[in-house]
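Laboratory data are not the source of any read-out in this text; all were calculated from the coordinates shown. Small disclaimer: the values here were computed from a predicted structure and weren't measured. In this analysis, Cβ positions are derived from the backbone assuming ideal geometry, glycine residues included, and neighbour counts consider all displayed protein chains.
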Amino acid sequence: DFSKAMSQAGTSQFQEVIRQELEYSMKIELDKILATAPSNELEHTKKDLEGFKKLFHRFLQEKGPSVDWGKIQRPPEDSIQPYEKIKARGLPDNIASVLNKLVVVKLNGGLGTSMGCKGPKSLIGVRNENTFLDLTVQQIEHLNKSYNTDVPLVLMNSFNTDDDTKKILQKYSHSRVKIYTFNQSRYPRINKETLLPIAKDVSYSGENTECWYPPGHGDIYASFYNSGLLDTLMGEGKEYIFVSNIDNLGATVDLYILNHLMNPPNGKRCEFVMEVTNKTRADVKGGTLTQYENKLRLVEIAQVPKAHVDEFKSVSKFKIFNTNNLWIALSAIKRLQEKNAIDMEIIVNPKTLDGGLNIIQLETAVGAAIKSFENSLGINVPRSRFLPVKTTSDLLLVMSNLYSLNAGSLTMSEKREFPTVPLVKLGSSFTKVQDYLRRFESIPDMLELDHLTVSGDVTFGKNVSLKGTVIIIANHGDRIDIPAGALLENKIVSGNLRILDH
């Protein structure tokens, strides 16, 4: 045992030496990069690289999945409240004064590349020519007009989306919404083999675009604080932010949740509220809320030991997942940020660049900070508050007659008999938005659809109706044109179908 203990001590000493060497090499490389920064970018770059250095230090310290599976418990009954209970309290007469303490923050760092678009994802047209950003502004403007309030919109951009977003913002200069932006950090991607940055200097245009990345939405706390905007908004009497992904069309301001925050029934305010919703088979990978070391904690699939992944995905054991709609007290962010006390697990995201180089980027997720806040709460909200558009299959749903649009908000049509959304799987010919749009002369009637799978070279004429389960498969080299006015109900269509043949 003694020799075993000695060899373990030796191993850990050896690992410590390697860690220190890696940190030292990293410091030298980051200093070289910083030396290339122009004077007007120096302060900003320095803050970014300091933040990255802290993250890298933690990455070297932590090993493997960071949850001890044996410590995971079900959250206590009252730590996740049903939305119905929150709504049943009703609203106070002075809801406007409560609204005036709110700021809406949208995470706007992502590009539309996964849907074949250049530029910010928020500028993709989703409904009647309106983009994600248009709908967000319309929602808040409607709120401000209805209640005579001043709820501002804050966009957290990344260096990828900032310029394009700012150009577009001019079109809202006459709307009744104050819009602020701040940028999340810009961190260097690291070579998977050497664990050193692939960037040689501070520039991020041209061939250097691949050297940098925005480090996930967990960066919001530091960036918001460092930008000075947090203090500005607190100075204006703002108390809570409502944070959500800009591509989640269900994430609108909910007055009942806001009232619950501002006027808690037990007199003790929550610093952090996470909206969760019931898992379906489509959400098995979503992060879930658990009780861990007497705190509410978000556990993501990446943190789960391999042996327990199937258990984590089970809809019966872990019934809810995080929608990433979060309500957070500004004063708490300030306090924790100043104490450097926000603890978020590191997500290691491996990627292969166009030239074949393997890199890793170190990221954090905004919801993971829940365990650092006092008196946190989960609220189990209806599925309608989670309507993300990640693919053209999602886009088809929100463009269809399943939803009606009112003041920037989408609501499920009353004509649909059951409140669940149909399962839609469009094949690779539909991945890019422009291909997808070309394949539909008009969006089909989907009010009575349960399931749609489309694969291969398929196009839809005008005024097609889809009902029940519809599967359309064009084999390689074949093409299927669904004629205008067709009604497909519980049908499988395969082979080759050209309108000209009929």
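For region 327-378, trypsin sites (Lys or Arg not before Pro) are listed when DSSP marks them as loop and at most 10 other Cβ atoms sit within 10 Å of their Cβ; the list is Lys339. Under 13 Å from a point placed 7 Å out from the Cα of Ser316 along the Cα-to-Cβ direction: which residues of region 389-432 have their backbone N that close? Counting only backbone N, you get no residues. Each label point was placed 7 Å from the Cα along the Cα-to-Cβ direction; for Tyr180 and Asn475 their separation is 6.1 nm.
Once fully extended, how much extra length lies between Leu353 and Gln20, figured as 0.36 nm per residue of separation less the alpha-carbon to alpha-carbon distance? Let's see the in-between values first.
Details: separation 333, 0.36 × 333 = 119.88 nm, distance 2.79 nm.
Going from the current span to full extension adds 117.1 nm.
If you bin all the Cα-Cα distances of region 49-150 at 5 Å, starting from zero, the percentages per bin are 2, 8, 9, 9, 11, 12, 15, 16, 12, 5, 1.
3J(HN,Hα) couplings calculated from phi for region 141-147 with the Karplus curve 6.51 cos²θ - 1.76 cosθ + 1.60 (θ = phi - 60°) are, in sequence order, 4, 4, 4, 5, 6, 5, 10 Hz; Gly and Pro show x. Beyond 22 Å, what percent of the Cα pairs of region 355-480 remain? Of all Cα-Cα pairs in region 355-480, 50 percent lie more than 22 Å apart.
Note on Tyr147 and Lys54: the model spin-label points, each 7 Å out from Cα along the C-beta direction, lie 3.3 nm apart.
Across region 305-321, no residue has a backbone nitrogen under 13 Å from the label position 7 Å along the beta-carbon direction of Glu84. Entry note, the chain: relative contact order of 15 percent, from Cα contacts under 8 Å with a spacing of 6+ residues. Extension gain, Lys491-Arg74: 0.36 nm per intervening residue step, less the Cα-Cα distance, totals 145.8 nm. Each residue of region 340-353 is assigned a 3J(HN,Hα), and the resulting list reads 6, 10, 8, 10, 10, 5, 8, 9, 9, 10, x, 9, 10, 6 Hz, derived from the Karplus form 6.51 cos²θ - 1.76 cosθ + 1.60 (θ = phi - 60°), x at Gly and Pro.
Comparing Cα centroids, region 189-254 and region 446-461 end up 37 angstrom apart. Take the Cα coordinates of region 295-365, assign each an equal point scatterer, and use the Debye formula without solvent to give log10 I(q)/I(0) at q = 0.14 Å⁻¹. Here log10 of I(q) over I(0) equals -0.71. For the set Lys101/Lys268; Lys27/Lys351; Lys46/Lys166, the pairs lying more than 19 angstrom apart at their alpha carbons are Lys27/Lys351; Lys46/Lys166. Each residue of region 423-437 was assigned a 3J(HN,Hα) from its phi angle through the Karplus expression (A = 6.51, B = -1.76, C = 1.60, θ = phi - 60°), giving 8, 10, 10, 9, x, 5, 5, 10, 4, 7, 4, 5, 5, 4, 5 Hz with x at Gly and Pro. The simple spin-label model puts a point 7 Å past each Cα toward its Cβ; for Thr420 and Leu169 those points are separated by 4.2 nm. According to the Kirkwood relation over distinct C-alpha pairs, the hydrodynamic radius of region 24-105 is 18.7 Å. Among the listed options (i) 77, 60, 46; (ii) 80, 62, 55; (iii) 65, 54, 48, the one matching Cα extents along the principal axes in Å as calculated from these coordinates is (ii).
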